[in-house]
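Structure first, commentary second.
The values are calculated or read from the model by the stated rules, or taken from the named source; none is laboratory data. If you're wondering where the values come from, they're calculated on a predicted model, not measured in any experiment. The protein model used for the area step is the full one, side chains on, heavy atoms only, and it has no ligands, DNA or RNA in it. Shrake-Rupley method; radii C 1.70, N 1.55, O 1.52, S 1.80 Å.
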Amino acid sequence: MDPYGDEKYIMKLAKDYLELSLLLHPAAVLCQGEPCLTYQVARGLKEEGVKVLAACSERIVEEKERRKTSTFVFRGFREY
């Protein structure tokens, strides 16, 4: 994804992702990533009556001898 993409670019990508997703007739879609694109795709899916989900995780940080280790543990889904 182009970090310099403008609003037109995001809207085109969102339209493409939305069309591809709807071809699959999903009961639900996990939608995460670049915030502006995620918003547009999630909005479009919801308008079509598709449940839109985000994954929820817990970050566990351990520090030992000046070294940090982060572990992410999946905890479920949250609906948009």
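Using alpha carbons only, how many degrees (0 to 90, rounded to 10) separate the axis of helix 7-23 from the longest principal axis of the chain?
80 degrees
So who's got an amide H within less than 5 Å of the one on Lys51, skipping anything under 5 residues away but keeping other chains? H placed 1.01 Å off N, in plane.
Val29
Which lysines, on any chain, are close to Lys8 with Cα under 25 Å apart, when same-chain ones fewer than 8 places away are left out?
The qualifying lysines are Lys46.
Among Leu20, Leu30, Leu45, which one shows the biggest mean-square fluctuation in a GNM of the chain, springs joining Cα atoms closer than 10 Å?
Per the Cα network of the chain with a 10 Å cutoff, Leu20 tops the list.
How large is the helix-only mean residue ellipticity at 222 nm for the chain, computed as the sum of -39500 (n - 2.57) over DSSP H runs with n ≥ 4, divided by its residue count, in deg cm²/dmol to the nearest 500?
Estimated from H runs of four or more residues: -12500 deg cm²/dmol.
Helix 35-47 versus the longest principal axis of the chain: what angle, 0 to 90°, nearest 10, using Cα atoms?
Compared with the principal axis, the helix lies near 50 degrees.
So how much accessible area does Cys31 have, in Å² to the nearest 10, using a 1.4 Å probe?
In the full protein context, Cys31 sits at about 10 Å².
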